[in-house]
Structure formats: C-alpha cells, structure tokens
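Colleague: Structure below; questions to follow.
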Amino acid sequence: MAGFYRHIMALSEYLGIDKNYFHSIVFFPGDAEFKTEMPENVIKSGLSEYIKRFDREILSEEDIEQINMKLSKIKPF
C-alpha cells in the first residue's frame with residue numbers, strides 16, 4: 001500500500017491539502033474475485049455506497065473550486 005501513500009502525499013502537496021483529508025479507495029469493477037481477505041477500502045462493488053459513508057464536510061465550496069482549477073491544469077500522460 002506504500003504506492004497509494006505516495007499518491008496521497010503527491011496530491012496533498014500539489015493541492016495544499018492536509019493528507020488526512022484523503023481516503024484511499026481501490027475499486028475493481030466487473031467480475032473480480034479476491035483470493036484473500038481485502039482491507040475495507042479495497043472493493044469490487046458498492047463504490048457509491050462506500051463513498052457516501054464519508055459525509056463529514058471538510059472542504060468549502062471555494063476550496064473545491066480551487067481544487068478543480070488546479071486539477072484541470074494537469075495534462076494527461
């Protein structure tokens with residue numbers, strides 16, 4: 001999971017947002033079958049329901065607009 005931590009740290013630094021505001025989610029669509037027990041944040045169905053559980057507002061509308069502006073400047077690979 002160290003790779004996911006690096007993604008969160010990069011976003012935190014780029015966006016100027018505390019890393020604790022991020023939640024790592026790994027989603028496998030389709031017919032994925034896990035051969036071992038997965039952590040709670042690794043899911044293959046119910047993505048919307050999982051996200052909706054995080055209902056505490058931590059960012060203002062202005063914060064979200066600024067984040068969207070910063071993210072829109074990133075060029076895809």
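The values are calculated or read from the model by the stated rules, or taken from the named source; none is laboratory data. In this text, all values refer to a predicted model and were calculated from it rather than measured experimentally. We place every Cβ from the backbone using ideal geometry, glycine too, and count neighbours over all the protein chains shown.
Colleague: Quickly run through the range 4-51 and pick out the residues that are more than 13 Å from the chain's Cα centre (by Cα) and part of a helix (DSSP H, G or I).
Modeller: Across the range 4-51, the qualifying residues are 13, 14, 15, 49.
Colleague: I would also like to ask the following. For a quick check of your reading of the model, give me the residue pairs whose first member lies in the range 54-77 and is assigned to a helix (DSSP H, G or I), whose second is hydroxyl-bearing (Ser, Thr, Tyr) and surrounded by 11 or more Cβ atoms within 10 Å (Cβ to Cβ), with beta-carbon atoms closer than 9 Å and at least 6 apart or on different chains.
Modeller: Listed pairs, sorted by first residue: 70/14; 71/14.
Colleague: Then there's this: Any residue in the range 20-33 that's over 8 Å from residue 44 (Cβ atoms) and modelled with pLDDT of 90 or more: show its pairings with residues that are in a strand (DSSP E or B) and hydrophobic (A, V, I, L, M, F, W, C) at Cβ separation under 6 Å, as long as the two are six or more apart or on different chains.
Modeller: Pairs found: 26/42.
Colleague: While we're looking at this one, here's another question. Identify, please: which residue in the range 57-77 is surrounded by 10 or more Cβ atoms within 10 Å (Cβ to Cβ) and of a type in the set (Val, Ile, Thr) and is, among those, nearest to residue 12 (Cα to Cα)?
Modeller: Top of the filtered list is 67.
Colleague: Something else now. Go through the range 32-77 and count every residue that is more than 17 Å from residue 21 (Cβ to Cβ) and hydrophobic (A, V, I, L, M, F, W, C).
Modeller: 9
Colleague: Being surrounded by 13 or more Cβ atoms within 10 Å (Cβ to Cβ) and either aliphatic (A, V, I, L, M) or in contact with a helix residue (DSSP H, G or I) (Cβ under 7 Å, 6 or more places away or on another chain) (or both) is the filter here; which residues of the range 15-37 pass it?
Modeller: Going residue by residue through the range 15-37, those that are surrounded by 13 or more Cβ atoms within 10 Å (Cβ to Cβ) are 15, 17, 21-22, 24-25, 27-28.
Within the range 15-37, 15, 17, 22, 24, 25, 27 meet the criteria.
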